[in-house]
Amino acid sequence: MTMQYELETTRTYLRQFTIDDAHDLYQLNLDPEVLKYTGDKPFGTVDDAKAFLSSYDQYNKYNVGRLAVVVKDTDQFIGWCGLKFDLDQYDIGFRLFREYWNQGFATEAAGRCVEYGFNHLGLSEIIGRARKENKASIRILEKIGMTFKKTFDFDGQEGVIYFATRLNL
């Protein structure tokens, strides 16, 4: 089943990616501060971002996926947020352009995605992963009601896993 919805928060719309988002994704991943704690590498070219988007299968395979975050007032793409099915778990993730950090956008979008996962998709648990030194992401996970679960090896660094269930939110 293909995800056919657009989520809304107070200040943003969250929608499926399109090929037209390739340039924005390319630009987002060029910032080393944005990728600092992710373990990801930047796209080499805009065409690499297009290839990624063309093969992105989360929507069709799992009825979830990372969503473009767009500011309502300006239609500005500011990053992405959403659920991903990975390693037999549903994971919340987010990544925004640096100029939108510390303004509550990630917390607002992530909270809405988690609520959607529980109330509309019927998920029983959602996790969030972060490197231990990524205090900003950990704060967001805590603000949306997640609780520390355990540590794990995050690409050779110490990582943390937070979780929420329908029962504890």
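Every read-out reported here was derived from the displayed coordinates using simple, explicitly stated rules and does not represent laboratory data. Note that the structure is predicted; figures quoted are calculated from it, not measured. In this analysis, Cβ positions are derived from the backbone assuming ideal geometry, glycine residues included, and neighbour counts consider all displayed protein chains.
Each of ILE92, ILE78 was scored by other Cβ atoms within 10 Å of its Cβ. Listed from fewest to most, they are ILE78, ILE92.
Its relative contact order, with pairs defined as Cα atoms under 8 Å and 6+ residues apart, puts the stretch 7-127 at 26 percent.
Taking a quarter of the surface of the Cα convex hull of the stretch 7-127 gives a mean projected area of 7.4 nm². Spin-label model, LYS135 to ASP86: label points 7 Å out along the Cα-to-beta-carbon direction sit 2.4 nm apart.
Run the paramagnetic zone check for GLU8: 7 angstrom along Cα to Cβ, then residues of the stretch 61-83 with backbone nitrogen under 15 Å. Within reach of a label on GLU8: 70-75. Taking the DSSP bridge list for the chain and keeping only pairs wholly inside it, about 95 percent are antiparallel. Here the contact order of the stretch 66-114, divided by its residue count and restricted to Cα pairs under 8 Å and six or more residues apart, works out to 31 percent. Taking a straight Cα-Cα cut-off under 14 Å and skipping sequence neighbours fewer than 8 places away in the same chain, the aspartates and glutamates within cross-link reach of LYS143 are GLU108, GLU115.
Going from the residue with the fewest nearby Cβ atoms within 10 Å to the one with the most, LEU87, LEU25, LEU67 rank LEU87, LEU25, LEU67.
The lysine pair tally for the stretch 7-127, using Cα distances under 26 Å and a gap of 8 or more places or different chains, is 10. Among PHE105, PHE43, the order by Cβ neighbours within 10 angstrom, fewest to most, reads PHE43, PHE105.
Under a cut-off of 13 Å between alpha-carbon atoms, report the aspartates and glutamates in cross-link reach of LYS150, not counting same-chain residues fewer than 8 places apart. Straight-distance partners of LYS150: GLU158.
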